[in-house]
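The values are calculated or read from the model by the stated rules, or taken from the named source; none is laboratory data. These numbers come from a predicted model, not from an experiment. All Cβ positions, glycine included, derive from the backbone under ideal geometry; neighbour counts span all protein chains shown. The protein model used for the area step is the full one, side chains on, heavy atoms only, and it has no ligands, DNA or RNA in it. Shrake-Rupley method; radii C 1.70, N 1.55, O 1.52, S 1.80 Å.
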Amino acid sequence: MPLADCRIIELPKIHDPHGNLTFVQNDDTLPFTMQRVYYVYDVPGGAERGGHAHKNLHQFIVAMSGSFDITLDDGKDKKTFHLARSYYGLYVCPMIWREIDNFSSGSVLMCLASEKYSEADYHRSYDDFMRARWANA
Ligand code: TYD
């Protein structure tokens, strides 16, 4: 899928003087049905994550706390998104290479994913990703 399909999605926000509330629910908010949640935290300064693409997985990534940058690459175009608030996130479609860096101290990345974890769904080599990308182009 092309990079243009990846986009920031704003989530519903319930304002309250006692604190705001945001929710995500299936059949409503995201262009896929979620089956898994994972989060990344305690990221040391200067660390980079990602460095892979998924063959079939759809993901929605939110900065639950702090901020970080996600650079997406579909093998042709690249785009960097800065995630910094918990009421929006980045939809990442399948076959997109991603690099995540510039984590602020104490940041928490949450990802909602369309499938359970499967190592077979990863392209962990950029060359393999590019070969598969152009084979399917
Ligand atoms: P990985 O997806 O490479 O992390 P990141 O993209 O944030 O750098 O996953 C890191 C490790 O965690 C890898 O060994 C696979 C494992 N893992 C699971 O066991 N289950 C999961 O749901 C995820 C996302 C990763």
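Below, the figures for the structure above:
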quantity: Largest-first principal axis extents of the Cα set of the stretch 3-131 (Å); calculated: 52, 36, 26
quantity: For the stretch 40-46, Karplus couplings with θ = phi - 60° (6.51, -1.76, 1.60), whole Hz, Gly/Pro x; calculated: 10, 8, 6, 7, x, x, x
quantity: Positive minus negative residues near ARG36 (Lys, Arg vs Asp, Glu; Cβ under 10 Å); calculated: 0
quantity: Among 47-56, 60-69, the order from most to least packed when residues are scored by Cβ within 10 Å on average; calculated: 60-69, 47-56
quantity: Cβ-Cβ FRET estimate between ASP16 and ARG36, R0 fixed at 22 Å, reported to 0.05; calculated: 0.15
quantity: Under-5 Å amide H pairs with HIS58, H placed in peptide plane, nonlocal only; calculated: SER114, GLU115
quantity: Rounded percent of accessible protein surface that carbon and sulfur make up, the chain, 1.4 Å probe; calculated: 48 percent
quantity: Segments 22-34, 94-106 sorted - mean Cβ within 10 Å per residue, highest first; calculated: 94-106, 22-34
quantity: Estimated vicinal HN-Hα couplings, Hz - the stretch 50-62 in sequence order (Karplus 6.51, -1.76, 1.60; Gly, Pro = x); calculated: x, x, 6, 10, 10, 6, 10, 6, 9, 9, 9, 10, 10
quantity: Residues of type lysines that LYS55 reaches as a straight line, Cα spacing below 22 Å, ignoring anything fewer than 8 places off in the same chain; calculated: LYS76, LYS78, LYS79, LYS116
quantity: Per residue solvent-accessible surface (Å²) - the stretch 3-131, probe of 1.4 Å; calculated: 55 Å²
quantity: Potential lengthening between ARG131 and TYR87 on full extension [0.36 nm per residue; Cα-Cα distance subtracted]; calculated: 12.2 nm
